[in-house]
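Bear in mind these aren't lab numbers, they're just calculated from the coordinates by the rules spelled out. Just so you know, these numbers come straight off a predicted model, no measurement behind them. As a convention, Cβ positions derive from the backbone with ideal geometry for all residues, glycine included, and neighbour counts pool all protein chains shown.
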Amino acid sequence: MYEIFFSLIRAGLWGTPPDTSLFSGMTPARWQQLYRLASTQSLLSVFFDGINTLPPNLYPPRNLYLQLAAQTLQIEQANDRLNRMVGRLNSLYAASGLHPVLLKGQGMAFYYRNPRHRQCGDIDIYLGEEGQTVANSVLLEEGAVPTSEESDKHASYEWDGVHIENHRLVSRMGNPLANHRFMRLVREWYPDGAEHIIDMPTPPPTFNALYIFLHAFEHFLGGGIGLRQLCDWSCFFYRRAADIDIPRLSRDLHRLGLYRAACAFGYVAVSYLGLKPEYFPFDTSSSRHLGEELIKEIFATGNFGKYDSRNSPRPKGYWRGKWHTFSIALRRISRLYHYAPQEALFYPVALIKNVIITQSKLLKKRFKP
């Protein structure tokens with residue numbers, strides 16, 4: 001089943017039809033299994049694109065095909081809504097003298113064979129510390145509604161049906177030395193080095209290759225990721241490999257203690273998702289063991305760890321929920337520390353620190369005269 005699933009995902013990503021002999025004897029029950037895999041990995045439209053490379057006589061049952069078509073239409077509409085909002089926010093923030101930079105999301109969708117078929121979520125925008133404060137005020141003036149407590153990295157809002165996160169930090173690593181180096185990398189290009197290829201500037205390609213991986217890896221350590229994050233990275237390399245400073249990327253990954261983990265992710269991109277080796281800049285042959293372990297974790301957890309049956313449901317209540325998240329992260333780190341030992345060592349400390357900072361900000365607001 002996994003072989004068939006990956007053949008359809010590769011077909012959806014790259015437009016190359018799969019081996020039709022794999023689909024002989026397919027039953028409605030097996031098609032439902034494939035559908036559930038695509039759903040938990042947030043790849044429904046890519047999966048549907050793969051199906052559409054098959055001869056019609058090999059399509060899934062009509063009701064499932066129509067269900068996928070309807071869900072793909074919804075994903076297309078969601079992408080259109082987010083794309084319009086990206087342009088709207090860029091104009092709004094630029095008019096306030098800000099320098100917004102789009103992180104992940106629609107900036108990654110741009111690199112897909114069909115950009116409207118990347119399953120989308122929210123809009124993440126980096127503005128720097130001072131810029132974030134102004135952007136928050138701008139959104140509130142426009143009628144946006146805060147959706148959660150402001151974290152150490154970002155503030156969250158809902159505006160016209162779209163979830164928006166204004167970032168004061170691009171990301172934060174657990175290892176203090178690595179985090180210092182990462183912040184320096186951001187300062188090297190922000191704001192004048194951002195690219196202008198869509199309706200909001202995006203990070204330059206070499207930094208983006210690092211950041212897209214780092215974001216996925218931090219989620220992998222803490223709770224889990226789906227294949228969508230690796231599809232983002234694969235499509236990005238496929239389209240931008242020639243624009244990436246490979247020696248610089250290798251040096252940065254080594255200095256941040258992430259090179260081994262990046263090669264494991266690359267192994268999955270090449271061996272399972274079908275990214276041609278010439279588009280991935282590092283040798284993945286020695287990463288087979290870590291890559292195979294990574295695949296098992298991805299299927300065990302699903303997108304952002306939402307489908308991990310090994311975990312109990314998150315309890316109600318702020319502190320009980322935080323302890324639940326922290327406990328899951330500790331268990332995962334004990335299993336996965338070998339991907340990036342230094343980052344794994346400091347990850348629990350960073351979680352505690354972020355909660356303390358968030359609560360300190362809340363107390364200051366509460367007792368502000």
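A cut-off of 5 Å between modelled amide H atoms, ignoring neighbours fewer than 5 places along the same chain, links residue 101 with 126. The length gained on full extension between residue 69 and residue 320, counted as 0.36 nm times the residue separation minus their Cα-Cα distance, comes to 86.4 nm. Here the spin labels are modelled as points 7 Å beyond Cα on the Cα-Cβ line, and at residue 337 and residue 22 they lie 3.8 nm apart.
Between residue 129 and residue 181, how high is the FRET efficiency from 1/(1 + (r/R0)^6) when r is the Cβ-Cβ distance and R₀ = 25 Å? Nearest 0.05. Walk me through the intermediate numbers first.
Working: r = 18 Å, r/R0 = 0.74.
With a Förster radius of 25 Å, E is 0.85.
In the stretch 115-228, Cα pairs under 8 Å separated by at least six residues give a relative contact order of 19 percent.
For the pair residue 310 and residue 353, a Förster radius of 22 Å applied to the C-beta separation gives a FRET efficiency near 0.25, rounded to the nearest 0.05. Between residue 96 and residue 296, the contour length at 0.36 nm per residue exceeds the Cα-Cα span by 67.3 nm. Using the Cβ of residue 96 as centre and a radius below 12 Å, the other residues enclosed give a net charge of -3, where K and R count +1 and D and E count -1.
Please sort 238-250, 193-205, 216-228, 113-125 by packing, taking for each peptide the average over its residues of neighbouring beta carbons within 10 angstrom, highest first. The partial results should precede the final answer.
Working: 238-250: 14.8, 193-205: 18.5, 216-228: 22.2, 113-125: 20.6.
Sorting 238-250, 193-205, 216-228, 113-125 by mean packing, highest first, produces 216-228, 113-125, 193-205, 238-250.
In the chain, the calculated helix contribution to ellipticity at 222 nm averages -19000 deg cm²/dmol per residue, counting -39,500 (n - 2.57) for every DSSP H run with n ≥ 4. Using only Cα coordinates, the Kirkwood hydrodynamic radius of the chain works out to 21.6 Å. Tally Lys/Arg at +1 and Asp/Glu at -1 over every other residue whose Cβ is under 12 Å from the Cβ of residue 223; what's the total? Net charge around residue 223: +2. Which shape class applies to the stretch 196-268: rounded if a/c is under 1.5, otherwise prolate when a/b exceeds b/c and oblate if not, where a ≥ b ≥ c are the square roots of the Cα gyration tensor eigenvalues? Verdict is oblate for the stretch 196-268.
Go through 276/322; 153/276; 153/316 and tell me which ones have a Cα-Cα distance over 30 Å in this structure. Intermediate values should be presented prior to the final figure.
Working: 276/322 41 Å; 153/276 35 Å; 153/316 23 Å.
Too far apart for the 30 Å limit: 276/322; 153/276.
Quick one: net charge around residue 167, please, counting Lys, Arg +1 and Asp, Glu -1 for every other residue with C-beta under 9 Å from its C-beta. Net charge in that neighbourhood comes out at 0.
If packing is taken as the average count of other Cβ atoms within 10 Å, what order do 92-103, 62-73 fall into, highest mean first? Spell out each step's value before the answer.
Numbers: 92-103: 18.3, 62-73: 14.3.
Most protected by this proxy first, the peptides run 92-103, 62-73.
Per-residue Karplus couplings for the stretch 112-119, computed as 6.51 cos²θ - 1.76 cosθ + 1.60 with θ equal to phi - 60°, are listed in order as 6, 4, 10, x, 7, 9, 7, 5 Hz, Gly and Pro entered as x. With the charge dipole of the chain set up from +1 on Lys and Arg Cβ and -1 on Asp and Glu Cβ about the Cα centre, the Cα lying farthest toward the positive end among the listed residues 220, 20, 162 is that of 220. Structure remark: mean-square fluctuation, Gaussian network model of the chain, C-alpha springs under 10 Å; the largest value among 311, 79, 303 belongs to 311.
DSSP H helices in the chain with Cα extent of 15 Å or more along the helix axis and mean Kyte-Doolittle hydropathy at least 0.5? Could you put the intermediate results ahead of the total?
Values: long enough: 2-14 (18 Å, 0.97); 28-40 (18 Å, -0.78); 62-95 (50 Å, -0.33); 128-141 (19 Å, -0.14); 176-189 (21 Å, -0.56); 205-222 (26 Å, 0.74); 227-240 (19 Å, -0.38); 259-271 (18 Å, 0.97); 288-301 (20 Å, -0.14); 318-336 (27 Å, -0.51); 341-366 (39 Å, 0.13).
Membrane-span-like by this rule: 2-14, 205-222, 259-271.
Here the stretch 153-180 is scanned for amide nitrogen atoms under 15 Å from the site 7 Å beyond the Cα of residue 360 along Cα-to-Cβ, giving 153.
Taking the DSSP beta bridges in the chain as the whole, what percent of them are antiparallel, to the nearest 5? Write out the running numbers ahead of the final one.
Working: 12 of 16 bridges.
If we restrict to bridges inside the chain, about 75 percent are antiparallel.
Largest mean-square fluctuation among 304, 346, 213, in a Gaussian network model of the chain whose springs join Cα atoms under 10 Å apart, belongs to 346.
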